[in-house]
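K.L.:
Handing you this structure, nothing more for now.
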Amino acid sequence: MDAFYASVEQRDDPALRGRPVIVGGTSMRGVVTAASYEARRFGVRSAMPSVEARALCPDAVFLPGDMGRYRRESRRVFEVFGRFSPSVEGISLDEAFLDLAGTDRLLGSPGRVAEQLRAEMRRETGLAVSVGIAPVKLVAKIASGEAKPDGVCIVAAAALRAFLDPLSVGRIWGVGPVAYARLEARGIRTIGELCRCAPAELTRALGPFGLRVAALARGADLREVEPYRDARSLSEEGTFSADTRDPGRIEAALLVHAEAVARRLRRAEIRARTITLKLRLGARAPGPGRVRYPLRTRSVTLRRATDDGGRIATSARDLFVRAEIREPIRLVGVAVSQLESADPVQLSLLADPRESDRVRRLNRALDQVRDRFGEAAVGRASGRADRADSVPLSVQIKRGEDERP
Amino acid sequence: MKFSVERELLVQGLGRIQAVVEKRGTLPILANVLIRARPEELTLSATDLEVGVVSTLNAQIETPGEVTLGARVLYEIVRELEEPELTLHLDEGARVKIESGSANFSLLSISAEEYPGLPGADSTTFAEVDAKLLAELIDRTLFATSTDDTRYNLNGVYMENVEKGRVRCVATDGHRLALIERSPRSPVAFLETGIIVPRKALAEIRKLCEETEGSVEIGLDGGFLMVRRPDLLLTARLIDGEFVNYQQVLPQNPTIRIVLDRERLLHATRRVALVVHERSHGFGLVLTSGQIELRASNPDLGDARELIPVDYSGDRFETSLNARYVLDVLGSISSKELVIELIEEISPVQFRPADDPDQLSVIMPMRT
């Protein structure tokens, strides 16, 4: 979809149409979540600090966003996707791969499918969707980017090379700013140049990853459309309003994130074994790449999978204490992975079964209160509750996670 | 150092220590066997600092002395030799010459002084225990010990004296527990205070008991359990920790008691266990009037159920257990009839042989 959140806002409020609209954090340290095409013309991009966006485009309308509404909208979008292929792999709330193999007799040529999908999407959701059609996933993804805004781009197998060769190597999955800089240093800027490069040269530049990049550059992307890929991780994170060293504030934030992650685990009826603490330091690091704030992560794997926020918070806090980080911290997050379905739980002979039952009942009660009265209605006392209120939350939507449409 | 020894005896002695020899290589010398030629006997020692074995054998000692050699390579060489006798000779350098018929080896050695000291048994008082009885105590409990290193106090079997000179062994991993009591012919005085014997040592003791007719001697010295036979001394560092308060875990006043044919339940459990969920291993036990039903289901495989008639006329009772735990328990019991005692759905399930009041196992259910 094109600038999904911003498009939803513009659709629902005619006054916003034709104007630059930015959805994202409005505080000093907020970031842009989505920018309408009008705003993009000024150079506004998603993930850009809001302050920077405002400087580029002072007339933009800033909106805080409404995830609930976007999710509902996303379900409608996926409902439309589902009509055109039995195999739909959602990548985010508004993006998906559709496997069209074998659908031509039923639905017509891919070109027809694309037009029909766009027409139905516009009619039913009022939103514009761009479609990229290609023999493999990577190229389809790139083609959909070329099709934006509101267009179709079809890359037939015979035209693959002509399409890919002039494009920047940065368009290949996994080639970020660092890899890009290394390739550029060897005079490799386009996908065509990459294809002509000797494998040994690429291995020298990028290590074993170089060979994978070369394969992708040749259009050899063997990944299938995976309609039912399960979540691999869930995470919650937030940026502090000012960098902090205060363990109290940091631990309070971890507790809030841990609770939020746990709640999503319970909602999806899964449990997690690995807990990862994510910290972004306030001091910018030199070097290429957009990531200017150094990232520190620490993980621990539990003996038994959990969906208890208290347990996750304890692990995250332990990780934080052991990380012994002295620099000011900009962002903290809690991620869980190694997800398991909530199988029967082996009870402990040595602990009072009523105790683990108590935790479970407490969590269930917390969930019910939040379902009815909202997420802020009830929380765990951290002992430093006064500081917890200053924790802004941002929700990370990972592929295939619980709230996928 | 120089001696001659029967090949067969040396193979046996070296074979016995192989399991103890340290393989992870944290301390390279622990991969060696300490060879001591004393005027009257030859000893082979190995230790991983937790378990130590000293094996004594007959040899013609020409010159006493001591040395250490790679335990694995020496064992393999001696096994391959063909002559019935061989000679070991430590020459002026650090090399040990092995001669047997036309075969000659010259092996690099490490000085015996580098080898860590093993606890000796000289000042220990020993008690005699029937090897079969000791083996039984281990067999009926070892399976329930914990393999989780973070719960080191559960990584072994707890042994203590209870009234009338009886020895009680208990093991638990926090999910299930096994307990057995037996009366040795003479009391084992040092068990007045409970000890925790680690898993690896128990496995070695078990092997030793298996190849012993009659009895072995056991003793305690400075945090080490010693098990002795005329030709062998096994020393095991005890786990230094508090065992859990297992007494409070034992179910009191069960409300339901059913009697089952053990073999029948074992085979039925094995069958339904084929389709339990790979991770949880959980299966359901549903008790209704006149029957017990075993049921398992796995989203990727399908379902299984099996009925066993039992003498029961109470209310429906349902619980869920880990099939592996149940199979372990059924395998550790040898009676024909088995008693299962239940209280509530989330309270421990007790298994005991119908003919032996001194053995029991407890499994904590799963919550579905």
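What follows is calculated from the coordinates using simple rules that are stated; it is not laboratory data. Because the structure is predicted, anything quoted here is derived from the model rather than measured. Methodologically, a virtual Cβ is constructed for each residue, glycine included, from the backbone with ideal geometry; neighbour enumeration extends over all protein chains shown.
K.L.:
Give the angle, between 0 and 90 degrees and rounded to the nearest 10, that separates the Cα long axis of helix B:262-273 from the longest principal axis of the Cα atoms of chain B.
P.N.:
Taking the Cα atoms of chain B, the angle to B:262-273 is about 90 degrees.
K.L.:
A follow-up question, please. Under a crude label model (7 Å from the Cα following the beta-carbon direction), how far is A:A101 from A:L211 in nanometres?
P.N.:
2.5 nm
K.L.:
Of the residues A:R298, A:R212, A:R322, which exhibits the maximal mean-square fluctuation in a Gaussian network model of chain A defined by a 10 Å Cα contact cut-off?
P.N.:
A:R322
K.L.:
Run the helix sum for chain A: -39,500 (n - 2.57) per DSSP H stretch of 4+ residues, divided by residue count, reported at 222 nm to the nearest 500 deg cm²/dmol.
P.N.:
-12000 deg cm²/dmol
K.L.:
Could you work out the local net charge near B:N104, counting Lys and Arg as +1, Asp and Glu as -1, over the other residues with Cβ closer than 14 Å to its Cβ?
P.N.:
Working: positive: B:R95, B:K97; negative: B:E80, B:E82, B:E83, B:D91, B:E99.
Combined, the nearby Lys, Arg, Asp and Glu give -3.
K.L.:
So, R0 is 51 Å and r is the distance between the beta-carbons of A:Q116 and B:R270; what FRET efficiency does that work out to, to 0.05?
P.N.:
Working: r = 56 Å, r/R0 = 1.10.
Efficiency computed from Cβ-Cβ geometry: 0.35.
K.L.:
Let me ask you something else. Search the structure for amide H atoms under 5 Å from the amide H of B:T255, placed 1.01 Å from N in the peptide plane, and list their residues when 5 or more places away or on another chain.
P.N.:
Distant-sequence amide H within range of B:T255: B:L342, B:I343.
K.L.:
Have a look at B:R182, B:R295, B:R316 and tell me which one the Gaussian network model of chain B (Cα, springs below 10 Å) gives the largest fluctuation.
P.N.:
Largest GNM mean-square fluctuation: B:R316.
K.L.:
If you average the sequence gap of Cα pairs under 8 Å that are 6 or more apart and divide by the length of chain B, what percent do you get for the contact order? Each step should come with its number before you reach the end.
P.N.:
On the way: 823 pairs, mean separation 45.8, N = 368.
With pairs under 8 Å counted, the relative contact order is 12 percent.
K.L.:
Straight-line reach from A:K148: which lysines fall under 27 Å, measuring Cα to Cα and dropping same-chain residues less than 8 apart?
P.N.:
Once the sequence-local lysines are set aside, what remains near A:K148 is A:K137, A:K398.
K.L.:
Still on this structure: Could you give the size of the charge dipole of the stretch A:233-377 about its Cα centre, using +1 on the Cβ of each K and R and -1 on the Cβ of each D and E, expressed in debye and rounded to the nearest 20? Numbers along the way, then the final one.
P.N.:
Working: 29 positive and 20 negative charges, 72 e Å.
Here the size comes out at about 340 debye.
K.L.:
So if R0 is 51 Å, what FRET efficiency would A:A365 and A:R41 give, r being the distance between their Cβ atoms, rounded to the nearest 0.05? Present the calculation step by step, with values, prior to reporting the outcome.
P.N.:
On the way: r = 50 Å, r/R0 = 0.98.
My answer for the efficiency is 0.55.
K.L.:
A further question on this structure: Quick check: Cα centre of the stretch A:7-53 to Cα centre of the stretch B:298-344, how many Å?
P.N.:
62 Å
K.L.:
May I ask you to sort A:T297, B:T147 by Cβ crowding, counting other Cβ atoms within 10 Å and putting the fewest first? Walk me through the numbers on the way to the answer.
P.N.:
Values: A:T297 13, B:T147 9.
Ascending Cβ contact count within 10 Å gives the list B:T147, A:T297.
K.L.:
Same structure, new question: Taking the Cβ of A:D371 as the center, what net charge do the other residues with Cβ under 12 Å away carry, scoring Lys and Arg +1 and Asp and Glu -1? Walk me through the numbers before you get to the answer.
P.N.:
Working: positive: A:R263, A:R266, A:R267, A:R364, A:R370, A:R372; negative: A:D367, A:E375.
It works out to a net charge of +4.
K.L.:
Next question. Could you work out how far helix A:67-82 tilts from the main Cα principal axis of chain A, as a 0 to 90 degree angle to the nearest 10?
P.N.:
Taking Cα atoms only, the helix is inclined about 40 degrees.
K.L.:
Which angle between 0 and 90 degrees, to the nearest 10, do you get for helix B:323-332 versus the longest principal axis of chain B when only C-alpha atoms count?
P.N.:
70 degrees
K.L.:
Ok, one more. So what is the calculated 222 nm ellipticity per residue for chain B, using -39500 (n - 2.57) for each DSSP H run with n of 4 or more, over all residues, to the nearest 500 deg cm²/dmol? Show your work: numbers first, answer last.
P.N.:
Values: 6 runs with 64 residues, N = 368.
It lands at -5000 deg cm²/dmol.
K.L.:
I would also like to ask the following. Want the number for A:A185 to A:F373: 0.36 nm per residue separation, take away the alpha-carbon distance, what's left? Spell out each step's value before the answer.
P.N.:
On the way: separation 188, 0.36 × 188 = 67.68 nm, distance 5.58 nm.
Value of the extension gain: 62.1 nm.
K.L.:
Next question. Using the Cα centre of the protein assembly as shown as origin and beta-carbon charges of +1 (Lys, Arg) and -1 (Asp, Glu), tell me which of A:A162, B:V227, B:V51 is placed farthest towards the positive end of the dipole.
P.N.:
Most positive-ward Cα: A:A162.
K.L.:
Could you tell me the calculated FRET efficiency between B:N253 and B:T125, based on Cβ-Cβ distance and R0 = 45 angstrom, to the nearest 0.05? Let's see the in-between values first.
P.N.:
On the way: r = 41 Å, r/R0 = 0.92.
According to the calculation, E is roughly 0.60.
K.L.:
Now for a separate question. Roughly how many nanometres apart are two label points built 7 Å out from the Cα toward the Cβ at A:M67 and A:R123?
P.N.:
About 3.4 nm separates the two model spin labels.
K.L.:
Continuing with the same structure: Compare A:R372, A:R40, A:R360 in a GNM of chain A, Cα atoms joined below 10 Å, and give the one with the largest fluctuation.
P.N.:
Per the Cα network of chain A with a 10 Å cutoff, A:R372 tops the list.
K.L.:
Classify the protein assembly as shown as rounded, prolate or oblate, taking a ≥ b ≥ c as the square roots of the eigenvalues of its Cα gyration tensor: rounded when a/c is under 1.5, otherwise prolate if a/b is larger than b/c and oblate if not. Please report the intermediate quantities before stating the final value.
P.N.:
Working: a/c = 2.37, a/b = 1.71, b/c = 1.39.
It comes out prolate by the Cα gyration axes.
K.L.:
Work out from phi, with θ = phi - 60° and the Karplus expression 6.51 cos²θ - 1.76 cosθ + 1.60, the ³J(HN,Hα) of each residue of the stretch B:63-72, listed in order in whole Hz, and give x for Gly and Pro.
P.N.:
Those phi angles translate into 10, x, x, 8, 6, 10, 9, x, 5, 5 Hz.
K.L.:
Is the shape of the stretch B:247-368 best called rounded, prolate or oblate, per the rule: a/c under 1.5 gives rounded, else a/b larger than b/c gives prolate, else oblate, with a ≥ b ≥ c the square roots of the Cα gyration tensor eigenvalues? Could you put the intermediate results ahead of the total?
P.N.:
Working: a/c = 1.41, a/b = 1.40, b/c = 1.01.
Rounded.
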